[in-house]
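> A single structure is presented below for examination.
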Amino acid sequence: MQVIGLCRFSYPALGGFQVEHQTIDARIAYLYAPERMEERFRQFEAITLPGLKAQTDGDFTFVIVVGDQLPRPHLDRLRDLVADMPQARIVAQPPRNHREVMAELINDTREDLGKPCLQFRHDDDDGVAVTFVQRLREAAEDCAALLRNHRLVGFDFNRGYIARPDSRGLLAEENVTPYWGVALAMAVKPWARHTIMNFGHNRLNRFMPTVTFTHEDMFVRGHNDHNDSRQGRKVTKVNMKRLDATGEALFRETFAISGDRVREIFAGQPPLAP
């Protein structure tokens, strides 16, 4: 069964953000601000890419959506980061309706609409376990009867960590949150054109049967100053602690995130905590 992941990389969509802007030009200026872009690239390299590149099941497609106005140096840097990831496809789009363009791109990536597929959404500062695609396929096989009887079925791997990288390594906190958007996937029957991007992640279970898995760590929710979901007033505070050698070993084994590589990527930046 084909597996498709989709990631917005600072794509200036019309809608789809919790941070509001008066004009599309204002949104583009916000997204492409040098400080923000530098942080996104560091997070993408340190947190997002390692687990995807190290998947135990590498048979998937990862669509990275960028704006067609993304400055060339940023585009070149992004291409360099995924040059060794054959699953990655960078697609440039003009500003369009968020749900419409994302659903269109997923359906365009489907090799055969007459066959079922598995889809997942992914933010550019989050990570998944190296077993994510493998576990997703296994979940679909385990739930074969459910997939046979329903047009859409959701899969929510809801245990993992909130983490923030800095020049001294990683700060992290264990977390279990249902339908958070990371390590969240959906099975789609043949000819169905609804995609995982047609639904708000925290409302997925209102529109289809879903199965949750809480028995193993499956995600790293990236924490940073420019999280779209952290710009509102009612933001839950987290109590992250610096990972020791044992914690770093767990992140390396589970998510392919190396503390040494994180320190290298964020070298020269002030550490966040002792």
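> Once phi is turned into ³J(HN,Hα) by the Karplus curve 6.51 cos²θ - 1.76 cosθ + 1.60 with θ = phi - 60°, what whole-Hz value does each residue of the range 205-213 show in order, with x for glycine and proline?
6, 7, 10, 6, x, 10, 10, 10, 10
> May I ask you to evaluate 6.51 cos²θ - 1.76 cosθ + 1.60, the Karplus curve with θ = phi - 60°, for each residue of the range 123-137 and list the ³J(HN,Hα) values in order in whole Hz, giving x for glycine and proline?
Running phi through 6.51 cos²θ - 1.76 cosθ + 1.60 with θ = phi - 60° gives 7, 7, 10, 10, x, 10, 5, 5, 9, 4, 5, 4, 5, 5, 4 Hz.
> For a test of the definition: using alpha carbon positions, the gyration tensor, and the 1.5 limit on a/c, classify the range 115-274 as rounded, prolate or oblate.
Numbers: a/c = 2.54, a/b = 1.89, b/c = 1.35.
It is prolate, given that a/c is not under 1.5 and a/b is the larger ratio.
> Moving on to the next point. Below 8 Å between Cα atoms, with a sequence gap of 6+, how large is the relative contact order for the chain in percent?
25 percent
> Taking the DSSP beta bridges in the range 2-265 as the whole, what percent of them are antiparallel, to the nearest 5?
Details: 21 of 48 bridges.
Around 45 percent of the beta bridges assigned by DSSP in the range 2-265 are antiparallel ones.
> Students often get this wrong: which residues of the range 52-80 have the backbone nitrogen under 15 Å from the point 7 angstrom along Cα-to-C-beta of His215?
Counting backbone N atoms under 15 Å from the label point, the list is empty.
> Tell me, which longest segment in the chain has none of the GluC sites (Glu not before Pro) that fall in DSSP loops with at most 10 further Cβ atoms within 10 Å? Working shown, then result.
Details: sites that count: Glu20, Glu111.
In short, 112-274.
> Under the classification rounded if a/c is under 1.5, otherwise prolate if a/b is larger than b/c and oblate if not, where does the range 1-123 fall, given a ≥ b ≥ c as square roots of the Cα gyration tensor eigenvalues?
oblate
> Once amide H atoms are built 1.01 Å from N in the peptide plane, which residues 5 or more positions from Gln2, or in another chain, come under 5 Å H to H?
So Gln2 has HN proximity to Leu118.
> In addition: Which whole-angstrom value gives the distance between the alpha carbon centres of the range 162-187 and the range 77-123?
A separation of 22 Å, based on Cα centres.
> So what J values fall out for the range 178-193 if you push phi through Karplus, 6.51 cos²θ - 1.76 cosθ + 1.60 with θ = phi - 60°, rounded to Hz, Gly and Pro as x?
After applying 6.51 cos²θ - 1.76 cosθ + 1.60, I find x, 6, 8, x, 9, 6, 10, 9, 8, 9, 10, 6, x, 6, 6, 9 Hz.
The numbers here are math on the coordinates, done by the rules we state, and not lab data. This structure is a prediction, so every number in the text was calculated from the model and none was measured. Every residue, glycine among them, receives a Cβ derived from its backbone with ideal geometry; neighbour counts consider all protein chains shown.
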